[in-house]
Amino acid sequence: MLRLDNISKGHGSQILLVDASCAIYRGEKVGLVGPNGSGKSTIFRMIIKEETPDTGNVVLDKGYTIGYFSQDVGEMSGKSVVEETMDGAGPVSEIARKMHELEHALSDPDRMDEMEKLVEEFGDAQARYEELGGYALEAKAREILAGLGFAQETMDKDVGALSGGWKMRVALARILLMKPDVLLLDEPTNHLDLESILWLETFLKGFDGAVIMTCHDRAFMNRIVSKILEIDGGELTTYGGDYEFYEKQRAIADAQLEAQFERQQAMLAKEEAFIARFKARASHAAQVQSRVKKLEKIEKVEPPKRRKVVHFDFPDPPRSGDDVVKVEGVRKAYGSRKIYDGFDLLVRRQERWAVMGINGAGKSTLLKLITGDTVPDSGSVKVGASVKLGYFAQHAMELLNPQDTVWDALINRFPKASIGSLRTLAGAFGFSGDDIEKPCRILSGGEKARLVLAQMLFDPPNFLVLDEPTNHLDMATKEMMIEALKKYEGSMIFVSHDRHFLAELSNRVLEVLPTGPKLYGGGYLEYVASVGYEAPGMRL
């Protein structure tokens, strides 16, 4: 169906691919993995013909279509959410837009004299819309949008009024509605809540075309893909299996190559020592010459490419009192919408609460009540004795000084810290080499999130309040953070859509339901086993 035949590709002096080949077949679900900057996005762009290989060919079987979802969604405005979603469906979307305009014209009292003509035009458009299967397509578009978290009333509003994250969902819905033969998905779970991720998981499992995706969500990858395509150091390597299987196979292959390399190095050292010792002796001249020729013919084993994963041991936080935060009789409403009514919660030392709930249930509101960013309408929220609170929220990234470099932001925050410890901290959160000289104003959302988390965790509070801390983090950074937080001696309450993060770090669950909050005395996995679903309202 899709082949990369002996592809070589470079950008300037950087070589991305050298004589790389692979094949993707219909129905295969493939995870594309590799270090940042290794060329994953370049492969996608070559497949859709936005870029061409320096040598080799990208071959797509005749008649097959490609749908590409990227993080760059472009401009969206002037259409309803449904119309924008249907926009990739060709003539149907044009007729839908014309019908929408005619509906407005028919209800305009200033155009009463045109009524007969407008009714005729609307009838013709409606007939053509039905002929092209427009109503079925619109129903499918609404089904996909609902799966991605859109309320029905939002679907008919101007797409231009949406935030960037919700526009991403529209762009994803448009690609899914196309139902191409090959789906290219670049980080499809970014900006999605857990319910939408689970819906997308089900959709892709039932999709009969090929899927190639990059994704930083370990659980999502493991559920979807059955093949991994790794790009690293100019090579493409195929592994049969999910992401977890790939990690194990990669570790085994690295260990075998390391052992082979070390054996050869030991043999070479022994031979070279013999040559150095006896090269001046005429009695050993023939032996020395024989060994020199032998070494010249040996094919050298290359050492395994080492992916640099920086670990960081965060300092222990000061000990807090046993009662970290007490929420008593809290009521909170926004207009007529009641979020909490008589809500009680006690967070005790070393408890790690995961807050679950559908979009808009009040998860972030609870975190804001605890941090004091918002106040209850009635009731009280009391932070306990000796509690040092750290709050990670999306708006925290806006507080970075745009003129500061990454290094400035760290050294200004911790002027007494050693240069070495701050460099290790920067490396652990993905800022190595020249990256520390980047000004904050040009950092991506993910880079800003990493920097804020680095600042927070270097001098850790004893109570962490985290609102979607893993958004945009790559798997290596997530893993480093999870390992560090496993050893963290403080207390936590957090919202996350990452099931691996939830499973590894929670030991209590609070589920926010329309009928009121419900508490579970176990972690995320115990919660799933107890309720029978992975997120509120999403059946397994």
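Every number in this text was worked out from the coordinates using simple rules, so none of it is lab data. Model, not experiment: these values are computed from the prediction. Neighbour counts are summed over all protein chains in view; Cβ atoms, including those assigned to glycine, are modelled from backbone coordinates with ideal geometry.
Per-residue 3J(HN,Hα) values for segment 18-28, derived from phi via the Karplus relation 6.51 cos²θ - 1.76 cosθ + 1.60 with θ = phi - 60°, read 10, 6, 8, 9, 6, 9, 10, 10, 4, x, 6 Hz in sequence order (x marks Gly and Pro).
Among 465-477, 10-22, 319-331, sorting by the average number of other beta carbon atoms lying within 10 angstrom of each residue, highest first, gives 465-477, 319-331, 10-22.
Listed by chain and number, the aspartates and glutamates placed with their C-alpha closer than 20 angstrom to that of residue 438 are 398, 404, 408, 447, 474; residues fewer than eight positions away on the same chain are left out. Neighbours of residue 249, meaning other residues whose beta-carbon lies under 13 angstrom from its beta-carbon, give a summed charge of -2 when Lys and Arg score +1 and Asp and Glu score -1. Sparsely packed loop sites in segment 391-499 (the trypsin sites (Lys or Arg not before Pro) outside DSSP H, G, I, E and B with at most 12 other Cβ atoms within 10 Å) comprise 416, 487.
Each Cα pair under 8 Å and six or more residues apart adds its sequence gap; the mean of these over the residue count of segment 323-539 is a relative contact order of 27 percent. The distance linking segment 375-428 with segment 58-82 is 38 Å (Cα centroid to Cα centroid, whole angstrom). Exposed loop sites here are chymotrypsin sites (Phe, Trp or Tyr not before Pro) assigned a DSSP state other than H, G, I, E or B and surrounded by at most 14 other beta carbons within 10 Å; excluding them, the longest clear run of the chain is 65-540.
For the chain, DSSP calls about 55 percent of its internal beta bridges antiparallel.
If R0 is 56 Å, the Cβ-Cβ spacing of residue 298 and residue 459 corresponds to a FRET efficiency of close to 0.60.
Between residue 388 and residue 412, the C-beta separation translates, for a Förster distance of 25 Å, into a calculated FRET efficiency of about 0.80.
Spin-label model, residue 322 to residue 52: label points 7 Å out along the Cα-to-beta-carbon direction sit 7.4 nm apart.
Phi angles of segment 398-415 translate, via the Karplus equation with coefficients 6.51, -1.76, 1.60 and θ = phi - 60°, into HN-Hα couplings of 6, 7, 5, 6, x, 7, 5, 7, 4, 5, 4, 4, 7, 6, 5, 6, 10, x Hz per residue; Gly and Pro are given as x. In the chain, Cα pairs under 8 Å separated by at least six residues give a relative contact order of 14 percent. Helix 134-147 and the long axis of the chain differ in direction by around 60°, with both axes built from C-alpha atoms. Under 5 Å between amide hydrogens, built in the peptide plane, is the criterion, and for residue 491 it picks out 350, 463, 464 among residues at least 5 positions away or on other chains. Any idea what angle helix 419-428 forms with the longest principal axis of the chain, computed on alpha-carbon atoms, 0 to 90 degrees, nearest 10? Rounded to the nearest ten degrees, it is 60. Placing a label point 7 Å from the Cα of residue 313 along the Cα-to-Cβ direction, the residues of segment 383-422 with a backbone N closer than 19 Å are 417-422.
Cβ under 12 Å from residue 265's Cβ, residue 265 left aside: what net charge do those residues give with Lys, Arg +1 and Asp, Glu -1? Charge balance near residue 265 sits at -2. Full extension of the chain segment joining residue 94 with residue 253 gains 51.9 nm, where the gain is 0.36 nm per residue of separation less the Cα-Cα distance. Of all the Cα-Cα pairs you can form in segment 93-202, what percent are over 26 Å apart? Roughly 33 percent, rounded to a whole number.
If the chain linking residue 139 and residue 261 were pulled fully straight, counting 0.36 nm for each residue of separation and taking away their Cα-Cα distance, it would gain 38.0 nm. Legend: distances between Cα atoms for 248/388; 416/487; 40/248; 167/363; 49/227; 332/478; pairs beyond 29 Å are 248/388; 332/478. Residue exposure proxy: 43, 48, 370, ordered by other Cβ atoms within 10 angstrom of their Cβ from fewest to most, comes out as 48, 370, 43. Our analysis of segment 323-539 gives Rg over Rh at 0.99, with the two radii drawn from alpha carbon positions and Rh computed by the Kirkwood formula.
In terms of overall dimensions, segment 246-297 has a Cα radius of gyration and Dmax of 16.4, 54 angstrom. Couplings 3J(HN,Hα) of segment 45-58, computed from phi: 5, 5, 5, 8, 6, 6, 10, 10, x, 5, 9, x, 9, 9 Hz, in residue order, whole Hz [Karplus 6.51 cos²θ - 1.76 cosθ + 1.60, θ = phi - 60°; x for Gly and Pro].
Note on the chain: Rg/Rh from Cα positions, Kirkwood definition for Rh, rounded to two decimals, is 1.05. Rounded to the nearest 0.05, the FRET efficiency derived from the C-beta distance between residue 36 and residue 338 at R0 = 60 Å is 0.85.
Electrostatic bookkeeping for residue 359 treats Lys and Arg as +1 and Asp and Glu as -1; over the other residues with beta carbon under 13 Å from its beta carbon, the sum is -1.
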